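Where a number appears in this text, it was derived from the coordinates with a stated rule and is not lab data. Because the structure is predicted, anything quoted here is derived from the model rather than measured. Neighbour counts are summed over all protein chains in view; Cβ atoms, including those assigned to glycine, are modelled from backbone coordinates with ideal geometry.
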Amino acid sequence: MADLKLPRFNKFICTGRIANELELKFTPKGTPVLRLTLASDRSYKDDSDQWQTVTSWIDCVAWNKTAEVIANTAHKGSAILIEGRLDTRNWTDQNNQNRKSTEVNIEQVHFLEWPPRDGEAPRHDSDVPLPPEEHAPMAKSTNDDVPF
């Protein structure tokens, strides 16, 4: 049997609203960490052709500058788009039971709405860039780059 060359790719992208109050915490070494739950809705038609909505509750964690930016900019109910990777943690609880959880480790966040300042129109993600260490510049593409 031939060896398979699988790419190492773990990317999660999702939009939703923050479902909990945000509390920025710090590890014993002083690293900022923020845990949040993202409520992401999906609509579908059921067997009787009626629209139904299902909400997924997604556990997320952000670290360092990303955690600080989210904590200082967003709040419960804020609409965001997150990009990150799925991580699984295993531990033993206080009752000596093996536990497991999967969460999104947020690598980038895009704020989908901004509260207006006094006398200003609402701002959107494209109006305010994240700090340079939070995102990589995207290359500009033209129709010449499209292979068809």
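Protection proxy ranking of 63-70, 11-18, 83-90, 26-33, by the mean of other Cβ atoms within 10 Å over each peptide's residues and highest first, is 63-70, 11-18, 83-90, 26-33.
Above 22 Å lies some portion of the pair distances; for the stretch 10-87, what is it as a whole percent of all C-alpha pairs? Value for the stretch 10-87 (Cα pairs over 22 Å): 32 percent.
Separation of the alpha carbons by more than 31 angstrom is noted, of LYS11/LYS76; LYS5/LYS65; LYS5/LYS100; LYS29/LYS76, for LYS5/LYS65.
Taking 0.36 nm per residue of separation and subtracting the current Cα-Cα distance, fully stretching the chain between ASN10 and ARG89 would add 26.9 nm. Positive contributions from Lys and Arg (+1) and negative ones from Asp and Glu (-1), summed over other residues with Cβ under 15 Å from the Cβ of ASP93, come out at +3.
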